[in-house]
1. Extent of region 97-156 along each principal axis, from alpha carbon coordinates, in Å, largest to smallest?
2. So, for region 78-151, what is the accessible surface per residue at a probe of 1.4 Å, expressed in square angstrom?
3. Measuring from label point to label point, each 7 Å out along Cα→Cβ, what is the Ser120 to Ala89 span in nm?
4. Once you put a point 7 Å from the Cα of Phe56 and another 7 Å from the Cα of Glu97, both along the Cβ direction, what distance in nm separates them?
5. Please report the net charge: other residues with Cβ closer than 14 Å to the Cβ of Ile98, K and R +1, D and E -1.
6. Can you compute the modelled spin-label distance between Thr82 and Ser67, with each label point 7 Å from Cα toward Cβ, in nm?
7. For region 139-151, take each phi angle, set θ = phi - 60°, evaluate the Karplus expression 6.51 cos²θ - 1.76 cosθ + 1.60, and give the result in whole Hz per residue in order, putting x for glycine and proline.
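The values are calculated or read from the model by the stated rules, or taken from the named source; none is laboratory data. It should be emphasised that the depicted structure is a prediction, and the values quoted were computed from it without experimental measurement. For neighbour counting, all protein chains shown are included, and Cβ atoms are generated from backbone atoms with ideal geometry for every residue, glycine included. The protein model used for the area step is the full one, side chains on, heavy atoms only, and it has no ligands, DNA or RNA in it. Shrake-Rupley method; radii C 1.70, N 1.55, O 1.52, S 1.80 Å.
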Amino acid sequence: MPRSLPLILTAALAGASLAACASSSRQAPNNAPEAPRTETAAGRVEAAAPARPAPFEPVGRYDYTTSANGTEVTGTVTISGTPGNYTAAMTSNATPEITFKTVTVEGNRIRMEGPGPESSTIVINLVVAGTDVTGDWSMGGMAGEIRGTKVKPGTP
């Protein structure tokens, strides 16, 4: 057998293998799930739109922890109402209850503004991911981070 024949056979087999891989990578496997399809009134079959996640529901009770002037502060924020008309009440181990009449929700972000002590305004920004809550607050010259958990979804 000539010395070049093994090289030619190897190159031919490699080329055939590459061509087979290239053509098989273009085909969907037989066990691949098909996208849901619906039939239109005109009899056409179209792929159904993927399901959208449920919109974020801010209503519920949130337990939180923060720090003010080096002291740990714990408490609860309860949000109630309907889209465009939310209110919140905040209790803590450090202050009397604060009522927030300005509560805005954008995606999974909540912003609350309400009256603080000595004519100040307290602003709380929260981001909710599942049951985890993170954010920040400011009041007068103070500010801090806030962390917590959504412990009771739905109507408070």
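1. That gives 35, 23, 21 Å along the principal axes, largest extent first.
2. 57 Å²
3. In this crude label model, Ser120 to Ala89 measures out at 2.4 nm.
4. Going by the 7 Å Cα→Cβ label model, 2.6 nm.
5. Residues near Ile98 contribute -2 overall.
6. 4.3 nm
7. 7, x, x, 9, 7, x, 8, 9, 9, x, 9, 7, 9
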